[in-house]
Structure formats: C-alpha cells, structure tokens
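This report refers to the structure that appears directly beneath it.
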Amino acid sequence: MSTPNQSDDKSAIIIEDMDDKDAVSHGSLLEEEGPKLKRTLKARHLAMISLGGVIGQGLFLSAGANLNAAGPAGALIAYGIIGFIVFWVTFSLGEMATYIPVSGSFTIFCRRFVDTSFGATVGYNYWACWAIIVASELTALPLVMEFWTTKVPGWAWSGMWLIVIFVLNVLGARSYGEAEYWFSVIKILAVLIFIIVGCITSGGLIGNTTPHEVYGFKYWSSPGAFSPDGVLGIVNAFVLASFSMQGTEIVGITAGECEDPVKQVPRAIRNVFWRIIIFYMGSVFVMGMLIPYDDPRNLNLSSSVTISPFTIVFEKAGLNSVANIMNVVILITILSCANSGMYVSSRMLCALSIEGIAHPKLAYISKRGVPMYSLICTSLVCLITFATSFIPGKALFIVLTKLSGVAGFVTWGSICFAHYRFRKAMKYQGIDVDELPIKAPWHPFGDIFGISACVIICLISGYSYFSPANAVGLIGNYAGLIVCVVGFVVTKLVSRSKMIPIEAIDLVTGRADLSHMHDEKSDIQGPWYKRAWKKFLQIIL
C-alpha cells in the first residue's frame, strides 16, 4: 500500500502527445517508460461513449423487471429519482475531470481529496462493478437468444461474444471508440423508433388486432399503475434502475484519452441529462402504456421465457418482422454495454496499479496503448458467465445486475463526497470557481442530496427480501455492500491513512491548461431556429 505522498506522485496516467506544460504527473515512474495510453478518442467518440455507457440491456431487458416490480407509475418514479441523482453525479465528476483530466479520474480524486484508503476502496469497487456488468451483459445474451432458440447452451453464447469484445479492446481506444460510436447510433435510432411506434400503437393507429386496440392508459387502471407491493415495489426498482443508468461517469474515465477534454467533456456531460429524459423516461412511459406489469414475459424468476419489452411492443404493433430486427438491436446493445464495461474496468485497474494499490504488472501498456494485463484480468472475472451451466441463467443475471447496481450507488456517493471536499479546498485555497470549465449547479445541495440518497437507497433496497427470505435478492443487494465496508476497514488498518486536511488537498498536480479555455457558445451561432436545431442535434447525436 502506497503512502499519500507516493500516490500523489503517481496520481495520473501519463498521456501520449502532451507537451511538457500539460504533463499531469511530474514525478511519475511512467514518464521514462514505454508505451502510454493515447489521446485517440475524438469528440464524436466521446459524445457517443457518454450515451453508450448509459443505454444498455438495463433499458432493453431489465426495464421489464422494474415494470414487474413497481408497475408503470412506480417504474417512472424510480427512474426519475435515479435520473435526478445521475444529474448531480455527472456534473460533479465533470467539474473535477475537466479541471484535472486524468484517466481513471474519480478514484484518484477520492484518494487526493478524501483519503488514501477511501480512494482505494472506491477504485476496486468500481473495477468490480464494471467487470460484473460485463459478466451480466454476457449472461443476458442467452436470455435474449431465447426469442429464437433454446437449443444452444447459454455458456456457449457468452463465451463466443466474450472473445469478440476482448479482441475489440485489444485493438486500442480508437477501435473501441469507433465500435462504440456505431453501436450507439444504432441504439439511438432504435429507441427513437420504439417511442414513436409505441405512441402510435397506444393511440390505436396500428396494431395486431382488427380493429386496432386503443391502449392509452388502459393498464394503469387494470392491473394498476402500481404493483401490489406499492412503495416497496418502487424501492425494489431502484437498484435495477441505477444499473440501467450506470455509465454516465464513463465521461470522466475517458477524460485522459480524449483529444481536448476541456472542450469535449463539458459538452458530453451537459447532454447526458437530456438523453436520460428522452430515452429512459420516454421508453419506460411507452412500456407502461402497452405492457401490463403482470405480463409473464417480463423479466422475473418465475417467468418461463423472458422477452424484451421493446420486442413485445413491436409485436403488439403488428410488426412481427420488425420485432426480429429489434431483437438483433438488443443484442448489439448488450455487446455495446459490455464493450464499454471492458474498456472502463481495464482502465480503472490500470490506474489502480499506477497509483501503487494493485500489482505493478497491471500497469503494463502495449504499443497500441492498451493496458493488456488489466484487460486480461478483467476478462477472467467475466468467466463467471459460464456458471450458467449449473446456476439458472435468470437467477445469476439478477444477482449480477443487483450487485453492480449497488456498487454504482457506492461510486456515485463517493464522487459526490470527493466533489464536496474539492469545492471546499478550492474555497480555502482561494481558487475562483469561474476558472472551472464546467460548474455543477446549486452546490452544495447536489452533493449532499447525492450522498444522502445513495446511502439511504443502499440500506433499504433489499428490505423486502428479508421476509420471506430471498437468497437472490439478499445476495444481490447486500453482498457487495458488505465487501465494500470490510475492504475499507482492512485497507484503513493496513495503510493507517487519515482523512486529508482541506488545506493539504492537492489541486495543482495534473491541472489542465485553461489559458485557452474554449467558449462552447461560439459553436452555436445564427438565427434562433438554427441555434435550436443545432442544439437538438447535439443532444441527440
């Protein structure tokens, strides 16, 4: 375990193609070593990564589980509350990541702004979170394939696509970014088409019956807007909703590998909130109009066959051929999220190694700028998907998604806490907040709300699984939390670290060159209707 001084010297991953003025780690051991992570992610890549990490099978498949748990109105409330948390987390991380743009950013921020052992725990939690997300995505693949066939064993599908994702990541950040860009374009179009078709179907303009049935809010009346569990159903939906929205912090992780983080990261972050409103809230609203919460095809342990809510809606629209295409899109979505997860978790493990809190070999970077050993280690975790050969696929999938969902709350709360101390240090050291490329609104309310909400949800999310006892729910909701607490205590005892005083917080090492800070407003000029159109395109694309 490194001391705080050692971690400061190695607190940032050195990025190729930076001049001496922009070097982010003055005493780093990597300055005189071989290949380094590269700034190969362009603006269009970053814009899509900020969306690609957010929209995954959590929306396309797990939303059915939330609909089943909470009902249409309950699911909307759950996604709305989680979206509100995500808004504050995204801006808090963006503020820090543009001021100090380093790869693996927020674990470094937690170590520099809070405490060494705290940052180490958060870093390992986040690595495990995304490694588990990759595993859950691969576990979801056989569930989606059930739409066409049940003859191929689940582990075979998972293993085949694990190899594909591994190869994409071996090719480097540029290949990852390019693949994620096109994956995300397909997802955006699919969600927009889904919302349009769903609204038309709900109004009775198209359908699979003659005459076409008008759904409207039919299922809000019967079987009801809320599930029989009422408030508990909404609480149960929180974890899977958080799993669905995880990925917004990927923008902070990629800050060290994009060409111009001061310009590109704020733009991507400002758009994330609106994308959540359009894609998540819009999609869940459409599902609630066309699918009753007690539909047996929604994801739950008792269902015989799980079908995506997206596919069900297209079937009700009378577009059975499109339903097959939509299932292909869902497969692409799962691969996209797994691709993002593999990228993020390997970079995080590499950052932990460079900070001195993981094996030194994990910091090795290939000539393509890929942390190879970290990538291999992450891939080994994903072999848990082969457990579907002796554990029911749905049970394993639900446990993995809940584990990663709770880990997401730990990460979000930690980011808010680090940002709270970051702002306090800025004030103490006399640094003007106007120097920040992007500013989190309504500080410190956002940080306090984010910390409080994450702690409360973590503690109450599995309440309903105690009586009657449900192993899947209890393990998924609390096993990861217990491991985090134990890990923090052990790390604290071993390192004997203490919380860093506000006056000693380092806000200089790795600071971006803000002398040529870009004014984003200059990009959007012309008459109001042209500005509105350009802004709309920025939000969508």
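The values are calculated or read from the model by the stated rules, or taken from the named source; none is laboratory data. Owing to the predicted nature of the structure, the values given are computational and were not obtained by experimental measurement. Quick reminder, even Gly has a Cβ in these numbers, built from the backbone with ideal geometry, and neighbours come from all protein chains shown. SASA here: full protein model, heavy atoms, side chains in, ligands and nucleic acids out. Shrake-Rupley method; radii C 1.70, N 1.55, O 1.52, S 1.80 Å.
What is the sum of charges around Ile325, taking Lys and Arg as +1, Asp and Glu as -1, for the other residues whose C-beta is under 15 Å from the C-beta of Ile325? Intermediate results must be reported in sequence, preceding the final value.
Working: positive: Lys187; negative: Glu315.
In short, 0.
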**Report entry** From phi via Karplus (6.51, -1.76, 1.60), per-residue ³J(HN,Hα) for segment 473-489 in Hz, x at Gly/Pro
**Finding:** x, 5, 5, x, 8, 10, 4, x, 5, 5, 4, 4, 5, 4, x, 5, 4
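Counting only heavy atoms of the protein chains, get the accessible area per residue of segment 76-234 (1.4 Å probe) and round it to a whole Å² value. Numbers along the way, then the final one.
Working: 5400 Å² over 159 residues.
Using a 1.4 Å probe on heavy atoms only, each residue of segment 76-234 averages 34 Å².
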Query raised in the report: Sorted by packing (mean other beta-carbon atoms within 10 Å per residue), highest first, where do 484-493, 107-116, 188-197 land?
Result: 107-116, 188-197, 484-493
Report task. With a ≥ b ≥ c taken as the square roots of the eigenvalues of the C-alpha gyration tensor of segment 395-444, please select rounded if a/c is under 1.5 and otherwise prolate if a/b is larger than b/c or oblate if it is not? Result -> prolate
Query - segment 267-336: C-alpha gyration tensor shape, a/c 1.5 cut-off, then a/b vs b/c - result: prolate
Query raised in the report: Can you list residues whose amide H is under 5 Å from Ile291's amide H, if they're 5+ apart or on another chain and H is modeled 1.01 Å from N?
Result: none
Query raised in the report: Each residue of segment 281-290 in turn: what ³J(HN,Hα) in whole Hz from Karplus with 6.51, -1.76, 1.60 and θ = phi - 60°, glycine and Pro shown as x?
Result: 5, x, 5, 5, 5, 5, 4, x, 6, 10
Query raised in the report: HN-Hα J couplings of segment 66-79 from phi, Karplus 6.51/-1.76/1.60, θ = phi - 60°, integer Hz, Gly and Pro as x?
Result: 5, 4, 5, 7, 10, x, x, 6, x, 5, 4, 5, 4, 5
Query raised in the report: Tell me, in nm to one decimal, what length is gained between Leu171 and Val455 on full extension, where the rule is 0.36 nm per residue of separation less the Cα-Cα distance?
Result: 98.4 nm
**Report entry** Accessible area (Å², per residue) of segment 336-494, counting only protein heavy atoms and a probe of 1.4 Å
**Finding:** 41
Query raised in the report: Simple spin-label model, 7 Å along Cα-to-Cβ: Val328 to Asp229 in nm?
Result: 3.6
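In segment 76-138, what percent of the accessible surface is made up of carbon and sulfur (1.4 Å probe, ligands and nucleic acids excluded)?
Working: 650 of 710 Å².
Carbon with sulfur: 91 percent of the solvent-accessible area.
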